Amino acid sequence: MEGFSSEFKDIRDYILKITYRIWEQKGVGKIRDWYDANAPVYTPLGSSNSVEEVVKGTLQTLHMFPDRELLGEDVVGMYYGEGIYYSSHRIHSKMTHLGDGFFKKPSKRVVNTKTIADCVCKKDRVIEEWLVRDQSSIVKNIGLDVEDFGRALSHSIDIKSAKEYEDSWSGGPKIGDIEDYAKYVADFMKTLFENCDVDSIYYTHHRCCNIYMPGGNEFIKSVDFAEHVTPILASFSKSKFRVCHHIELKEEDAPIRVSLRWTLNTNHSGYGRYGVPTNGDICIMGISQFELLYGRIRHATHIFDELSIWAQIENNSKKE
């Protein structure tokens, strides 16, 4: 890797190794070695702009979940020249809620959730990151109500405008026009969310596929995925889908993999998964990873933060 220590074979090896050493070997102080001092980290609930905030957040998470495992399901990464690498890292976490903090008093329950983190890396360091975790799965696992928890957050976090959220989710290495399989999945997402064409699922996905959605919802049939998506579209039927960054990776003896970082600028206009409509603007910030076989999607993981959605809905309710 250009500009990186010789111990790292490629961007996948770099991301998996530093993640394991920081979290599971509890080398939290090593974050200062592997993150730039002023590296911005963006999430749907807010952002940070210093390595010390990353250290603090990591320690607080380990206090709540001291046995947290970060099982790397996949790293989709590319080299962009001038020593810059970009990765999209999908993680499955299993952990026990043993400490107080963001998720209230310890429930002592086992939690399973997924996270995707997009990172810009240079000279052994992460210099910019976009991270989205399936927070609603955590809330459900510990026995709390997702809607109530998300609405309550609107009183304790800074709710930004939809435009500000969209701007924070942009960025990364400059890339060309979206083409080939990346365009195929981006066009599917656009058709689904802008046109509300649920039938697009059937001609872009294998009949038997594996799909992960927020709240820990997993599906093995395209028809079940379609049934799950319909109430989401019912809440947000007026939407603009935008790809902020994409990676397409073709490797020998491996399925084609695509990662999309995206936003959905929408309006809470109907009754559906997200309750009574407020007619307020909402920005959903997500990252999706896909595997394709024989020209169709056989696996997809879609992560967006439902707590952020509920917090924005509550904030819009307060304006009425």
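The values are calculated or read from the model by the stated rules, or taken from the named source; none is laboratory data. Computed from a predicted model, the values in this text were never measured in an experiment. Ideal geometry is used to build each Cβ from the backbone, glycine not excepted, and the neighbour counts take in all protein chains shown. Surface areas here come from the heavy atoms of the whole protein model, side chains and all, with no ligands, DNA or RNA. Shrake-Rupley method; radii C 1.70, N 1.55, O 1.52, S 1.80 Å.
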Q) Considering only the range 2-35, how many residues are crowded, with 19+ Cβ neighbours inside 10 Å and in a loop (DSSP other than H, G, I, E, B)? A) 1
Q) So which residues in the range 120-137 are open to solvent by less than 10 Å² (accessible area, probe 1.4 Å) and touching a Leu at 6+ places or on another chain (Cβ under 9 Å), if there are any at all? A) 136
Q. If residue 276 satisfies every condition in (1) open to solvent by less than 10 Å² (accessible area, probe 1.4 Å); (2) of a type in the set (Val, Ile, Thr); (3) more than 22 Å from residue 177 (Cα to Cα) but one, which is the exception?
A. (1)
(Q) If I filter the range 140-183 down to residues being small (Gly, Ala, Ser) and not in a helix (DSSP H, G or I), which single residue comes out as most open to solvent (accessible area, probe 1.4 Å)? (A) 156
Q | Filtered residues of the range 246-265 (kept if open to solvent by less than 10 Å² (accessible area, probe 1.4 Å), under 19 Å from residue 74 (Cβ atoms) and either modelled with pLDDT under 95 or of a type in the set (A, V, I, L, M, F, W, C) (or both)) | A | 247, 258, 260, 262
Q) Hey, any hits in the range 27-41 for a residue that's at pLDDT 95 or above, within 19 Å of residue 303 (Cβ to Cβ), touching an Asp or Glu at 6+ places or on another chain (Cβ under 9 Å) and not hydroxyl-bearing (Ser, Thr, Tyr)? A) yes
Q. Can you find a residue in the range 155-175 that is touching a Gly at 6+ places or on another chain (Cβ under 7 Å), over 20 Å from residue 49 (Cα atoms) and of a type in the set (Gly, Ala, Ser)?
A. no
Q: Could you run through the range 38-77 and say how many residues are farther than 18 Å from residue 20 by Cα, open to solvent by 30 Å² or more (accessible area, probe 1.4 Å) and touching a Ser or Thr at 6+ places or on another chain (Cβ under 7 Å)?
A: 4
